[in-house]
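Inspection log for the structure reproduced underneath, given as structure tokens.
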Amino acid sequence: MSAPLPTVEQRRTLAGLADVLVPEGRGMPAASAVGVPGDLIDRCLDAAPVLAEPLLALLDEAPSDAPGAFVRQLAAGRPDDFAVLSTAVVGAYYLSPEVRALIGYPGQEPSPLSVAAEPDYLEMLERVYERHPGYREAP
């Protein structure tokens, strides 16, 4: 079962809140400029469906004309709600290929274990293998 997704109005509200949390600056785009209120928030909520209901409730509560004041109110007096909003926004922001390219993060890549590159690893395993099993029933 997939998480519920924001409505068009909730996405407009999210754009304002997201730009308060992640404004444009220092060579980085604002959250709304990379699509956080669009498909990126959908992907984020799909990955973390536990955020969906509380985020949508916050978006219904937030005034569309004063996003900065609402974010400050959450940060000051409702840390759990602020954590939901900021986690969803920042999580969606870093799903953006543009943002990942700007920070030099290629995404998850495989890193196979090389025994040749880790000689101490084999020695450690040999010591474990050679010692007495030492198993005792727990009291």
- [ ] Answer yes or no as to whether ALA83 is under 19 Å from the mean Cα position of the chain (by Cα), surrounded by fewer than 18 Cβ atoms within 10 Å (Cβ to Cβ) and farther than 24 Å from GLY107 by Cβ.
- [x] yes
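Considering only residues of the stretch 93-125 that are at pLDDT below 80 and assigned to a helix (DSSP H, G or I), which is nearest to ARG11 (Cα to Cα)? Write out each step before concluding.
Residues of the stretch 93-125 that are at pLDDT below 80, as a first pass: 111-125.
Still in the running and assigned to a helix (DSSP H, G or I): 119-125.
Numbers: PRO119: 53, ASP120: 52, TYR121: 50, LEU122: 53, GLU123: 55, MET124: 53, LEU125: 53 Å.
Residue satisfying both the conditions and the ranking: TYR121.
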- [ ] Could you list, in sequence order, all residues of the stretch 22-43 that are part of a helix (DSSP H, G or I) and either touching a strand residue (DSSP E or B) at 6+ places or on another chain (Cβ under 8 Å) or under 21 Å from PHE82 (Cβ atoms) (or both)?
- [x] SER32, VAL36, PRO37, LEU40, ILE41
Open item on the list: Can you find a residue that is among the polar types (S, T, N, Q) and out of contact with any helix residue (DSSP H, G or I) (no Cβ under 6 Å at 6 or more places or on another chain) anywhere in the stretch 66-73?
Closed with: yes
Open item on the list: Under 8 Å between Cβ atoms, which residue pairs at least 6 apart in sequence (or on different chains) link something in the stretch 17-31 that is under 27 Å from GLU61 (Cβ atoms) and among the acidic types (Asp, Glu) with a partner that is open to solvent by less than 20 Å² (accessible area, probe 1.4 Å) and assigned to a loop (DSSP other than H, G, I, E, B)?
Closed with: ASP19/ALA30; ASP19/ALA31; GLU24/ALA30
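LEU58 - would you say it is within 17 Å of ALA69 (Cα to Cα) and more than 17 Å from the chain's Cα centre (by Cα)? Don't jump to the end; show me each part of the working.
Numbers: within 17 Å of ALA69 (Cα to Cα): yes; more than 17 Å from the chain's Cα centre (by Cα): yes.
For LEU58, the condition - within 17 Å of ALA69 (Cα to Cα) and more than 17 Å from the chain's Cα centre (by Cα) - is met.
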- [ ] Report yes if some residue within the stretch 12-32 is in contact with a Pro (Cβ under 8 Å, 6 or more places away or on another chain) and of a type in the set (Ser, Thr, Tyr); otherwise report no.
- [x] yes
- [ ] From ASP46, ASP60, ASP19, grab the single residue that is charged (D, E, K, R) and either part of a loop (DSSP other than H, G, I, E, B) or buried (at least 18 other Cβ atoms within 10 Å of the Cβ) (or both).
- [x] ASP19
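Quick grid of which residues meet (1) at pLDDT below 95; (2) of a type outside the set (Gly, Ala, Ser):
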residue: ASP65; (1), (2): yes, yes
residue: ALA76; (1), (2): no, no
residue: ASP80; (1), (2): no, yes
residue: GLY91; (1), (2): no, no
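Determine, yes or no, whether ASP42 is among the charged types (D, E, K, R), in contact (Cβ under 8 Å) with a residue 12 or more places away in the chain and closer than 20 Å to VAL8 by Cβ. Before the answer, list the steps.
On the way: among the charged types (D, E, K, R): yes; in contact (Cβ under 8 Å) with a residue 12 or more places away in the chain: yes; closer than 20 Å to VAL8 by Cβ: yes.
Yes, satisfied.
The values are calculated or read from the model by the stated rules, or taken from the named source; none is laboratory data. On a predicted model such as this, the values are computed, not experimentally measured, just so you know. Ideal geometry is used to build each Cβ from the backbone, glycine not excepted, and the neighbour counts take in all protein chains shown. Accessible surface is based on the protein model in full, side chains and every heavy atom, while ligands, DNA and RNA are left aside. Shrake-Rupley method; radii C 1.70, N 1.55, O 1.52, S 1.80 Å.
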